[in-house]
1. Could you list Tyr41, Tyr120 in order of exposure, starting from the residue whose Cβ has the fewest other Cβ atoms within 10 Å?
2. Give me the number: length gained by fully extending Thr88 to Ala67, i.e. 0.36 nm times residue separation minus the C-alpha to C-alpha distance, one decimal in nm.
3. Over the range 40-135, calculate the relative contact order: mean separation of alpha carbon pairs under 8 Å at least 6 apart, over the residue count, as a percent.
4. For the residue pair Asp130 and Val38, what label-to-label distance in nm results when each label sits 7 Å from Cα along the Cα-to-beta-carbon direction?
5. Starting at the first residue of the range 58-63, write each ³J(HN,Hα) from the Karplus equation 6.51 cos²θ - 1.76 cosθ + 1.60 with θ = phi - 60°, in whole Hz, x for Gly and Pro.
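None of the figures in this text is laboratory data; all of them are computed from the coordinates on show. Worth saying up front: this structure is predicted, and the values here are computed from it rather than measured. All Cβ positions, glycine included, derive from the backbone under ideal geometry; neighbour counts span all protein chains shown.
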Amino acid sequence: MARRRGIGEAGGRWRSGLVAVLLVAATSLGHPALAQDVAPYDDQLMRLAEILGALHHLRPLCGADEAQTWRDQMAALLAAEQASPERTKRLTDRFNRSYRGLAETHRTCTDTARMLIDRYTAEGAALAQDVVARWGRS
C-alpha cells in the first residue's frame with residue numbers, strides 16, 4: 001500500500017520559504033514611525049495574520065511537525081510591530097478567528113486542506129515579500 005505523502009514532506013520548501021520571509025518582515029518592520037494604530041500596510045498584515053492562523057491549524061492537521069511554528073511567527077510579527085494594545089488585539093483576533101474557523105470545518109487532512117495549505121503559503125509569502133519591499137527598513 002502506498003503511503004500518502006505528508007504535508008511536512010511535500011510542503012517543506014514552501015514552509016521554509018515563508019518562514020524566512022516572515023523573519024525578514026519581522027525584523028524589517030519594527031520601527032517607531034510605523035508603530036501607530038494604523039500602518040500603511042495594515043490590510044496586508046491583517047490578512048497575513050489570518051493566513052498564519054490558518055496554517056497553524058492546517059499544517060499539523062496534515063502531518064507537519066510544526067506544533068508552534070505559525071504561532072511563533074505571529075508572535076515575532078507582533079513583537080516587531082511594537083503595536084499598541086488595540087492593534088495587537090486586532091491582529092491576534094484575526095489569527096484566532098482564522099484558526100478556529102478552519103478547526104470547525106477541517107477535522108481531518110483532506111485534499112481540500114492540502115490545497116488550502118498550498119494557497120495560503122503562496123499568498124502569505126507574496127504578502128510578506130510585498131510588505132517588506134514596500135515598507136521595510138532600508
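1. Tyr41, Tyr120
2. My answer for the length gained is 5.3 nm.
3. Numbers: 85 pairs, mean separation 45.0, N = 96.
Relative contact order of the range 40-135: 47 percent.
4. That separation, rounded to one decimal, is 1.9 nm.
5. Values, residue by residue: 6, 4, x, 4, 9, x Hz.
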